Amino acid sequence: MKRIDELKAAVAVIILNEKNEVLLQKRADVGLWGIPSGHIELGETVSQAAIREVKEETNVDIRIRKLIGVYSEPSSQVFAYPNGKVVHFITTCFLADITGGELRCNSDESLEIKFFGAENLPQALIKMHPRWLKDALADIDLAYIR
């Protein structure tokens with residue numbers, strides 16, 4: 001296994017519109033497209049972190065609909081940042097609905113926010129996100145543990 005500098009608890013939130021397109025953000029830190037996601041802060045629950053991260057990155061309010069899965073497999077959850085730091089993420093992924101707010105880049109973390117069809121995802125996509133989206137679109141009642 002390659003060097004890992006840190007282990008972080010994280011959340012990701014899949015938001016689909018009425019056309020079943022997924023909301024993605026182009027991240028400022030790595031220049032790649034991805035599902036709105038981020039770290040859980042001290043004293044915060046996973047659902048509080050999910051709601052906060054989406055608001056910070058997209059300016060919309062959400063209601064969590066269901067748990068998609070918990071992802072920890074190092075082969076997909078270890079990410080190397082451009083600065084050389086390597087982080088192993090344990091990510092709790094949710095499916096959520098927009099309940100309010102106006103969609104826009106709401107912080108310096110996002111360069112662009114846009115809905116994409118599952119068949120037209122951008123090439124420059126964070127490596128672990130296609131699995132999360134595939135699991136969300138599988139539309140099963142049970143959560144995945146991967």
Would you mind calculating the gained length between His88 and Arg52 on full extension (0.36 nm times residue separation, minus the Cα-Cα distance), in nm to one decimal? 10.8 nm
Partner lysines whose C-alpha sits under 21 Å from that of Lys66, ignoring same-chain residues fewer than 8 away, are Lys19, Lys55, Lys134
Within segment 44-88, the residues whose backbone N lies under 18 Å from a label point placed 7 Å from the Cα of Asp108 along the Cα-to-Cβ direction are 56-59, 82-83
What's the local net charge at Val13, with K and R +1, D and E -1, over the other residues with C-beta under 13 Å away? 0
Tell me the net charge near Leu142. Cut-off is 13 Å between Cβ atoms, Leu142 excluded, with +1 for each Lys or Arg and -1 for each Asp or Glu. -1
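What is the local net charge at Glu56, summed over the other residues whose Cβ is closer than 14 Å to its Cβ (Lys, Arg +1; Asp, Glu -1)?
On the way: positive: Arg27, Arg52, Lys55, Arg104; negative: Asp29, Glu41, Glu44, Glu53, Glu57, Asp61, Asp108, Glu109.
Local net charge: -4.
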From the Cα gyration tensor of segment 6-145, with a ≥ b ≥ c the square roots of its eigenvalues, which class applies: rounded if a/c is under 1.5, or else prolate if a/b is larger than b/c, or else oblate? rounded
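None of the figures in this text is laboratory data; all of them are computed from the coordinates on show. The structure displayed is predicted, hence computed values, not measured ones. Neighbour counts run over all protein chains shown; Cβ positions are idealised from the backbone, glycine included.
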